[in-house]
Amino acid sequence: MQLVDIKDLRVSFRHHDGVVSAVRGVTLGLSKGESLGIVGESGSGKSVTFLALMRLLQAPAATIEADKLELDGSDLLNADAKALSDIRGSLVSMVFQDPMTSFDPLFTIGYQISETIQTHGNTGKKAALAQARELLAKVEIKHPDRVLKQYPHQLSGGMLQRAMIAMALSCEPRLLIADEPTTALDVTVQAQILQLITDLQQETGMSLIIITHDLGVIAETVDRVVVMYGGKVMEIGDTREIFEDPLNPYTKALIESIPGREAGKRKLIEIPGSSPNALSPPSGCPFHPRCKLADDKCASDAPNLSTFGKNRSAACWKVVQ
Amino acid sequence: MTQESSAIKSAKPIESIDNMLAPRNPMYYAWRRFIANRAAIASGSVLSLIILMAILAPLITPTSYEEQKFLTENLAFPSASHWFGVDDLGRDFYTRIVYGARISLSIGFVAAAFSVVIGLPLGAVAGYYGGTADWLIMRIIEIFSVVPPLLAALLLAALAGGGFGNIVLIAALFGWVQVCLLVRGQVMAFRNREFIRASQALGASPLFVIFRHLIPNSISPVIVGFVQAIPLAMMLEAGLSFLGVGIAPPTPSWGQMINIGINFMFFYWHLALFPTMALAVTVLTTTLFGDGLRDALDPTLKG
């Protein structure tokens, strides 16, 4: 059985100019212990997809529709607040982009981590604090005792992101969603945090989803990659295959626009134009206005995700079997 | 040269940068802003003096407030033995003014506390849930803001009768609106902060988020709302007592004393002047103190 099972997820937001369709029919699955990378530009719907999965979007503004939205066999689409609180943290938890704002500025790190432990288990305050200390040691924080007593503004971004990961892992979730976990960090710290996340994933056997706009982040971290654009899935495949033989022209363009090792030797190829306006998305394939291969069919009909070989699928009219 | 090198030798090595980087508490900056505000400091001192006088009233007054000890001297003008003169019923007027501070201040503080008790949860719920809850609470607030408070309070006091408890409840009924709006604004600003979402993502229930994160983060607007509710309640009490539906005699209330004072105003000016001044100074200092506190705690909040 799959841990995450999303079928035809659609998310839209009410906006004063109309309805914004942020996610337009996303289908994807994730098995236990697997790691998945979600890549896309800003506004591709990658974060919204998983905020919707965790039901963290505010109800009146956001509308979530799906044929299936399941996590470890339990339906999330119609779950009530109580059920959601139980699932969040214990079954799935999330690490956010900016560690500086992910902690409440009023309380110490130790207090916040032990609080999270206490809300899920019947542990006492002391036991929870000891557990928090252990977790901080596990995420390779050098002075866990000191950090326990410190306030968020006293720590650096890298330290806070480690503490955030410790807090996210405090209830041993089966799935960790990391939404741009390294974007706000120093380049030197980025690699350490990614290494930490993959190490912890292997150690605990949990599943992992990394959301990023940086292909470099996921190249060495995840098993499979989902490429999203304009609220749709453009391509799914094993990381190696995606990088070596991208099928969708968008994926190809993304890979070409990585500076890479030969930076300076070749001219960086950018993707012309900008990501589509979610208020009035283009007809047909969302990428066609910027695609070199686009023709009339791409402009009128949206391609469906079709499989090409084992574990591989892409949504493009130009890819032939 | 040698002195210099010995100074270098004797200097302690820096073992930790922790102390140098000791972060300053946000309260430190609030305090700095507050003491830079002269009006707030001055009014704070005057207000503390008034509060002290109210607390120490029995020690600093010659008689009790209801004792008609000076009937032969009634309506006497201020003198060395009667600083504020004697009232129409032969009571030392200074004593009555000091005791009046007790009523005014206690009604102000208790009513402000009740305003927070009503306004804080409603504001938090409106700000956090939005939608229907917010709509409903905002409409209730609108009803309160279109009704003139004194007229409505007059009606309620006439129906329910005056007295300390009722006046407090009536003042809180009109005082919670401001607290509610301040808290609502703060909660709305914080609701979409990342740490709130992070806490939700880790399984915090709505009530947990409201009580453990949003309300503690709303403490400055709550303090501001509390202090701003005090002068409003004091004015309302004085107004109702002036109109005869507030605090009943012989308990001294400044509003009630002004009412009696105006009967004698053209000949015995002191009976109207002193309670009016006491009320004006107290309300003014609380207002200025509240404004200073607001500016100190929340420099972005204006109005």
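The values are calculated or read from the model by the stated rules, or taken from the named source; none is laboratory data. The structure presented is a predicted model; accordingly, all values stated were derived computationally and were not measured. Virtual Cβ from ideal backbone geometry, glycine too; neighbours counted across all protein chains shown.
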Looking at (1) more than 10 Å from chain B (Cβ to nearest Cβ); (2) under 25 Å from the mean Cα position of the chain (by Cα); (3) closer than 24 Å to A:TYR151 by Cα, which is the one condition that is false for A:LYS126? (2)
Going through the range B:268-283 in order, the residues found to be among the hydrophobic types (A, V, I, L, M, F, W, C) and either without any contact (Cβ under 8 Å) to a residue 40 or more places away in the chain or in contact with a Cys (Cβ under 6 Å, 6 or more places away or on another chain) (or both) are B:TRP269, B:ALA272, B:LEU273, B:MET277, B:ALA280
What's the number of the condition B:TRP135 fails, among (1) of a type outside the set (Gly, Ala, Ser); (2) out of contact with any Leu (no Cβ under 9 Å at 6 or more places or on another chain); (3) touching a residue at least 24 places away in the same chain (Cβ under 8 Å)? (3)
Is there a residue being free of Cβ contacts under 8 Å to residues at least 60 places away in the same chain and among the small types (Gly, Ala, Ser) anywhere in the range A:233-256? yes
Among the residues in the range A:244-259, are any in a loop (DSSP other than H, G, I, E, B) and modelled with pLDDT under 80? yes
Picking from A:LEU30, A:LEU53, the residue that is more than 14 Å from chain B (Cβ to nearest Cβ), at pLDDT 85 or above and either out of contact with any helix residue (DSSP H, G or I) (no Cβ under 9 Å at 6 or more places or on another chain) or surrounded by fewer than 18 Cβ atoms within 10 Å (Cβ to Cβ) (or both) would be A:LEU30
Filter result (buried (at least 16 other Cβ atoms within 10 Å of the Cβ), touching a strand residue (DSSP E or B) at 6+ places or on another chain (Cβ under 7 Å) and assigned to a loop (DSSP other than H, G, I, E, B)) within the range A:309-321: A:ARG312, A:ALA315
Please pick out the residue among A:PRO259, A:PRO249 that is surrounded by fewer than 24 Cβ atoms within 10 Å (Cβ to Cβ) and over 14 Å from the mean Cα position of the chain (by Cα). A:PRO259
Among B:SER115, B:SER104, B:SER64, the single one that is touching a helix residue (DSSP H, G or I) at 6+ places or on another chain (Cβ under 9 Å) and surrounded by fewer than 21 Cβ atoms within 10 Å (Cβ to Cβ) is B:SER64
If A:LEU279 satisfies all but one of (1) in contact (Cβ under 8 Å) with a residue 24 or more places away in the chain; (2) surrounded by fewer than 13 Cβ atoms within 10 Å (Cβ to Cβ); (3) out of contact with any Gly (no Cβ under 7 Å at 6 or more places or on another chain), what's the number of the condition it fails? (3)
Go through (1) modelled with pLDDT under 85; (2) closer than 26 Å to A:VAL48 by Cα; (3) surrounded by fewer than 22 Cβ atoms within 10 Å (Cβ to Cβ) for A:THR123 and report which single condition fails. (2)
Given the conditions (1) within 14 Å of another protein chain (Cβ to nearest Cβ); (2) at positive phi; (3) in a strand (DSSP E or B), and given that A:GLY25 satisfies all but one, which numbered condition is not satisfied? (1)
Could you grab me the full set of residues in the range B:179-231 that are within 14 Å of chain A (Cβ to nearest Cβ), of a type in the set (S, T, N, Q) and touching a residue at least 24 places away in the same chain (Cβ under 8 Å)? B:GLN186, B:ASN217, B:SER218, B:SER220
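Pick out the one residue from A:THR221, A:THR251, A:THR239 that is hydroxyl-bearing (Ser, Thr, Tyr) and touching a Lys or Arg at 6+ places or on another chain (Cβ under 8 Å).
After applying the criteria, what remains is A:THR239.
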Can you find a residue in the range B:73-94 that is at pLDDT below 80, over 28 Å from B:VAL245 (Cα atoms) and part of a helix (DSSP H, G or I)? yes
Restricted to the range A:136-171, and to residues that are of a type in the set (Val, Ile, Thr) and in contact (Cβ under 8 Å) with a residue 40 or more places away in the chain, which residue is nearest to the other protein chains (Cβ to nearest Cβ)? A:ILE165
Of the candidates B:ALA158, B:ALA153, the one satisfying the condition of being crowded, with 19+ Cβ neighbours inside 10 Å and on the phi < 0 side of the Ramachandran plot is B:ALA153
Residues that are facing chain B (nearest Cβ under 7 Å), surrounded by 16 or more Cβ atoms within 10 Å (Cβ to Cβ), among the hydrophobic types (A, V, I, L, M, F, W, C) and closer than 22 Å to A:GLY121 by Cα, drawn from the range A:57-110: A:MET94, A:PHE103
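Rundown of residues vs (1) more than 11 Å from the chain's Cα centre (by Cα); (2) surrounded by fewer than 16 Cβ atoms within 10 Å (Cβ to Cβ), yes/no style:
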| position | (1), (2) |
| --- | --- |
| A:ILE177 | no, no |
| A:PRO181 | no, no |
| A:LEU185 | yes, no |
| A:ALA191 | yes, yes |
| A:GLY205 | yes, yes |
| A:ILE210 | no, no |
| A:ALA219 | yes, no |
Residue check, A:ARG133 of a type in the set (Lys, Arg), within 10 Å of chain B (Cβ to nearest Cβ) and crowded, with 18+ Cβ neighbours inside 10 Å: no
Sort out which residues of the range A:172-201 are farther than 25 Å from A:ALA130 by Cβ and within 14 Å of chain B (Cβ to nearest Cβ), and write them in order of number. A:LEU175, A:ILE177, A:ALA178, A:ASP179, A:GLU180, A:PRO181, A:THR183, A:ALA184
Could you grab me the full set of residues in the range A:2-52 that are of a type in the set (Asp, Glu) and either in contact with a strand residue (DSSP E or B) (Cβ under 6 Å, 6 or more places away or on another chain) or closer than 30 Å to A:ASP199 by Cβ (or both)? A:ASP5, A:ASP8, A:GLU34, A:GLU41
Selected residue (criterion: nearest to B:PHE114 (Cα to Cα)) from residues of the range B:178-193 that are of a type in the set (A, V, I, L, M, F, W, C), out of contact with any His (no Cβ under 8 Å at 6 or more places or on another chain) and surrounded by fewer than 24 Cβ atoms within 10 Å (Cβ to Cβ): B:LEU181
